[in-house]
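Written out below as structure tokens is the structure these notes cover.
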Amino acid sequence: MHYKYFLPELEYSFDALNPYIDTKIMELHYTKHHQTYIDNLNAALEHHPELQQYSLFELIRDFKTLPEDCRETIRNNGGGHLNHSMFWKFMQPNKSGQIPLPQGKLLEDINKYFGTFQDFQQQFNNAAKQVFGSGWAWLCVDNFGKLVVSKTSNQDNPISQGFMPILGLDVWEHAYYLQYFNKRVDYIQAWWYLVNWDHVSENYQEIKE
Ligand code: MN
């Protein structure tokens with residue numbers, strides 16, 4: 001039984017991602033936005049005991065098969081819970097002042113599929129910029145095992161489209177507005193300092209196995 005859902009532990013403090021993402025954003029994003037997705041998801045599942053046996057991953061992957069009266073609620077709020085649970089782990093504090101780079105097999109495959117790391121970064125940045133309104137940019141493994149950049153609207157997750165995400169960036173205004181205002185591009189640039197490539201590599205390895 002997976003229901004009910006709780007806020008996952010954050011592995012760093014709210015002020016740990018300064019100066020790239022400031023304390024107030026982290027606190028609100030985690031304690032208010034993420035918690036609200038969880039509360040709404042639990043409320044929807046409370047009325048659907050038959051769905052409580054499914055994992056969050058299964059609910060979101062197969063959201064199109066959900067009963068109509070809870071489909072959009074679970075798609076949006078279950079997606080919100082899944083995406084944010086992933087997002088906190090995609091990041092880690094960085095005091096080095098350097099943008100961290102992927103290593104090993106992941107770097108090799110990024111070079112193989114995108115040309116160079118900078119080419120990949122540019123594609124990812126473009127996807128993040130092009131999200132109209134609210135959504136996410138992703139680095140995924142597609143059905144053929146290839147690395148691809150994708151984007152989703154609202155709280156959709158690439159697993160609903162058959163892609164396995166290994167890295168993603170929240171470009172909802174709530175993720176940056178208090179610090180970066182309308183300058184999403186500045187937020188995207190700053191976020192690269194925080195990427196936890198060891199974790200992304202683990203995600204990649206698990207999918208390839
Ligand atoms: Mn968010």
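The values are calculated or read from the model by the stated rules, or taken from the named source; none is laboratory data. In this text the structure is predicted, and so the values were computed from the model without any measurement. Note: ideal-geometry Cβ built from the backbone for every residue, glycine included; neighbour counts use all protein chains shown.
Here are the numbers:
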item	result
Residues of segment 117-132 that turn out to be among the polar types (S, T, N, Q) and touching a helix residue (DSSP H, G or I) at 6+ places or on another chain (Cβ under 8 Å), as a count	3
Flag if S96 is closer than 21 Å to H29 by Cβ, surrounded by fewer than 17 Cβ atoms within 10 Å (Cβ to Cβ) and polar (S, T, N, Q)	no
Filter result for the condition that a residue is aliphatic (A, V, I, L, M), at pLDDT 95 or above and farther than 21 Å from L167 by Cβ, over L106, L59, L82, L101	L59
Identity of the residue in segment 180-192, of a type in the set (A, V, I, L, M, F, W, C) and farther than 17 Å from K24 by Cβ, that ends up nearest to the ligand (Cβ to nearest atom)	I188
Count of segment 166-209 residues which are β-branched (V, I, T) and closer than 17 Å to P100 by Cα	4
Residues satisfying the stated conditions in segment 32-44, i.e. in contact with a helix residue (DSSP H, G or I) (Cβ under 6 Å, 6 or more places away or on another chain) and more than 15 Å from the ligand (Cβ to nearest atom)	A44
Scope segment 108-117; condition of a type outside the set (D, E, K, R) and in a helix (DSSP H, G or I); matching residues	I110, N111, Y113, F114, F117
Among (1) without any contact (Cβ under 8 Å) to a residue 60 or more places away in the chain; (2) out of contact with any strand residue (DSSP E or B) (no Cβ under 7 Å at 6 or more places or on another chain); (3) of a type in the set (F, W, Y) - the single one Y193 does not satisfy	(1)
I25 vs. criteria β-branched (V, I, T), in contact with a His (Cβ under 6 Å, 6 or more places away or on another chain) and surrounded by 13 or more Cβ atoms within 10 Å (Cβ to Cβ)	no
Boolean, Y54 is of a type in the set (F, W, Y) and either within 20 Å of the chain's Cα centre (by Cα) or within 16 Å of the ligand (Cβ to nearest atom) (or both)	no
Tally of residues being more than 15 Å from P158 (Cβ to Cβ) and of a type in the set (D, E, K, R) across segment 59-73	4
Matching residues, segment 138-179, being charged (D, E, K, R) and either more than 30 Å from T23 (Cβ to Cβ) or more than 11 Å from the ligand (Cβ to nearest atom) (or both)	D142, K146, K151, D156
